[in-house]
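A.B. asks: Here it is, the structure in full.
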Amino acid sequence: MGALFQLHLLELLRLNSAMQELNFVTIGYKLGMVFVPFLFALCFHEFAHGLVAKWRGDPTAERLGRVSLNPFVHADLIGTWILPIAALLLGSPFFFGWAKPVPVDPRNLKRPKQDMFWVALAGPGSNVLLAFVSTILLGLVFAYAQTDGMGGAFTELLKTFIMINLFLALFNMIPIHPLDGGKVIEPFLPYSWNRWLEMNQGALNMGLLVGILLLGGVLAVPVRWATQQLLGISVWVAHIAI
């Protein structure tokens, strides 16, 4: 009995060790394939806001060190680290997050109303740019790399990166405050409408949170469609590159 129990205990320890190893591998895979691309896309989005604001005459973001690709200068403790990582580790169907907004002082801009339009558009536009760059890279991977091993992992990483960037671009272009889309449409709205949006920003924030939970699946439809179109372009790039 003692010998059998000891053998059984050793087997349980080996099984537990294997499961822990698998869990660590799974966690590392999720962080590497989803969170790291998400973090870079998020930070590039904020970097683009600060860079265009600088180009249009406002040095506020640059003075605060926000014209940078360093994720720590853009990261929000809850929105960038805790919520996204917890969603991945817990297997939640809702994966979302945010970074600290880049401060912009319209008084420093050359033409405040027009320049704020470009500053706001820069964030989603940068995500679209990253999606297209990733599409070209994916085409080159299809043309020159193996589809298994590291080549296969890099392929999946680029596909995920394309989808993440498209989702960030589409979501942030929803035309309500405090999203970029609200600032993009601001020059085209009457003053009274913009004033109402600013006065009710708190309620809109709550509505936005509810909207994320309810409309996440709705936004996924055009994002998946756009991703498929870009994947088709990557195949075309691969044919040209061969």
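The values are calculated or read from the model by the stated rules, or taken from the named source; none is laboratory data. Predicted model, so just to flag it, every value in this text is computed and none were measured. Glycine gets a Cβ as well: all are built from the backbone with ideal geometry, and neighbour counts include every protein chain shown. Each accessible area value is taken on the protein alone, full model and side chains, heavy atoms only, with ligands, DNA and RNA left out. Shrake-Rupley method; radii C 1.70, N 1.55, O 1.52, S 1.80 Å.
A.B. asks: As an exercise, use a Förster radius of 35 Å and the Cβ-Cβ distance of Ala238 and Ser192 to find the FRET efficiency, rounded to the nearest 0.05.
C.D. replies: The value I calculate is 0.10.
A.B. asks: Also, I was wondering about something else. Calculate, for segment 21-147, the solvent-accessible area per residue in square angstrom, rolling a 1.4 angstrom probe over the heavy atoms of the protein chains.
C.D. replies: Heavy-atom SASA per residue in segment 21-147 reads 54 Å².
A.B. asks: If the reach is capped at under 30 angstrom between alpha carbons, list the lysines near Lys30, excluding any in the same chain fewer than eight residues apart.
C.D. replies: Lys100, Lys159
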